[in-house]
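K.L.:
The structure follows.
Nothing in this text is a laboratory measurement; each read-out follows from the coordinates by a stated rule. The structure presented is a predicted model; accordingly, all values stated were derived computationally and were not measured. When we count neighbours, we look across all protein chains shown, and the Cβ atoms used for this are built from the backbone with ideal geometry, even at glycine.
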Amino acid sequence: MNIFTATDIRALSDAHAADPAFDVARLQARNQLAWLHERIYGEMRARRWDVHFRPEWSLSPAQRSESKPRVDVLRLRYTKAEYVVHLMQKQFGGSALTWDDCAWLGIGLDGQGVFVEWQLAASAQLDAQNFYNKVTQGAPEKRTLRQIFAELSGEGALELSAQGQRVLHVRCARLVDLNVLNDTLEKFTPGQHAWRVVTRVAVADPRLQINVAPDELLYRLAQLYALHQFAAWAPRNNFLARARGESNSGIAP
C-alpha cells in the first residue's frame, strides 16, 4: 500500500481543486503529510539540519476558503530558525519578514503526483540575493553548485517562474554543463523570479509504499538540503554583506 493514492492527486487536479466534494480527500492527503512529518522530523533534528517546522505555516491548508477558493497543491515545508530570520531582518532591513520570505525545503502533492522541492519564492528576496551573489563569485562556487545538481541525477528539474508563469524548465543533469548553468543564471533576477528545484515521484511508485516512503522522501530531502546550505543566507553563509547600501531588489555588483 502506498502512502498516497490516485484519489489524492485527483482532488488537487484543475477539474476538482475547487470542488467541495473533494474536501475530505484533500484533508486525508494533508493528514498523510502530517504523518510523514512525524516520522522524518526527528531524524532531521538528529542530523542537525538547520531547517525547522513551523506549526502555523509548515503544513499548508487543505480546506478551501474565501481567500483560497482552490486547493491545487498541499505542502509540508521546513524553513529557517526564527533567530536567523530576526538576524537577517536586523542586518539587512526592509519590511518585516514572514516565513514565505525565506527559502524552504519541502514535500508536497499536486495534480501530477508527489514532489520534493527546494524553493526560493520571488518574495524570498534576501535568500535569493545571497544565492546569486555567492554563485557569481567565481569558478569554485559554480563547481560546487554543478556537483549538487549532478547528484540529483535525471529526476531533478529546475523551474524558473515569474508571477506564476513558467519562464524556464531545465533538467538538473543539464545544469552540470557550465554553459547551460550560466545561461540559466542570466535569466534569474532575485526578487522577480521564483527558483524551484524539484524531484517528482508517481503516487504508484513502489518507493512510496508506506513502509519505505519516509526513508525515500528523507533521502530526497537530504539531496536538496545540500542546495539549501549552499544558497540560503545564514551567519556563516553571508554573501549579502557586499550588498549593503544597495537596493535589495537589484543585483549587487
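K.L.:
Provide the net charge surrounding ALA204, with neighbours chosen by a C-beta distance below 15 Å and charges set as Lys +1, Arg +1, Asp -1, Glu -1.
P.N.:
Spelling it out: positives minus negatives among the neighbours equals 0.
K.L.:
Then there's this: How many lysine pairs are close in region 6-243, with Cα atoms under 27 Å apart and the two 8 or more places apart or on different chains?
P.N.:
For region 6-243, qualifying lysine pairs total 9.
K.L.:
Can you bin every Cα-Cα distance in region 146-234 into 5 Å intervals starting at zero and give me the percent of pairs per bin, rounded to whole numbers?
P.N.:
Spelled out bin by bin, region 146-234 gives 3, 13, 20, 23, 19, 12, 7, 3, 0 percent.
K.L.:
How do GLU82, GLU155, GLU66 rank when sorted from fewest to most other Cβ atoms within 10 Å of their own Cβ?
P.N.:
The most exposed by this proxy come first: GLU66, GLU82, GLU155.
K.L.:
Here is a follow-up. Could you grab the Rg to Rh ratio for region 60-134? Cα atoms only, Kirkwood for Rh.
P.N.:
Using Cα coordinates only, the ratio equals 1.03.
K.L.:
Taking trypsin sites (Lys or Arg not before Pro) as candidate sites, keep only those in a DSSP loop with at most 16 other Cβ atoms within 10 Å, then name the longest stretch of the chain containing none of them.
P.N.:
Within the chain, the longest run free of exposed trypsin sites (Lys or Arg not before Pro) spans 71-186.
K.L.:
Per DSSP helix of 4 or more residues, -39500 (n - 2.57); summed, then divided by the residues of the chain. What does that give at 222 nm, rounded to the nearest 500?
P.N.:
Working: 7 runs with 92 residues, N = 253.
-11500 deg cm²/dmol, from helical runs alone.
K.L.:
Oh, and also: Which label belongs to the value computed from this structure, given these candidates for semi-axes √(5λ) of the Cα gyration tensor in Å: (i) 25, 21, 18; (ii) 30, 20, 18; (iii) 29, 27, 16?
P.N.:
Read-out from the structure maps to (ii).
K.L.:
Find out how many positive minus negative residues lie around ARG77, taking Lys and Arg as positive, Asp and Glu as negative, among other residues whose Cβ is under 10 Å from that of ARG77.
P.N.:
0
K.L.:
Could you work out the percent of alpha carbon pairs in region 1-72 separated by over 14 Å, rounded to a whole number?
P.N.:
Value for region 1-72: 65 percent of Cα pairs lie more than 14 Å apart.
K.L.:
Starting from the exponent 0.38 and prefactor 2.2 Å, build the expected Rg for region 175-224 from its residue count and divide its actual Cα Rg by it. Display every interim value, and only then the final one.
P.N.:
Working: Rg = 15.7 Å, N = 50, 2.2 N^0.38 = 9.7 Å.
The reported ratio for this selection is 1.61.
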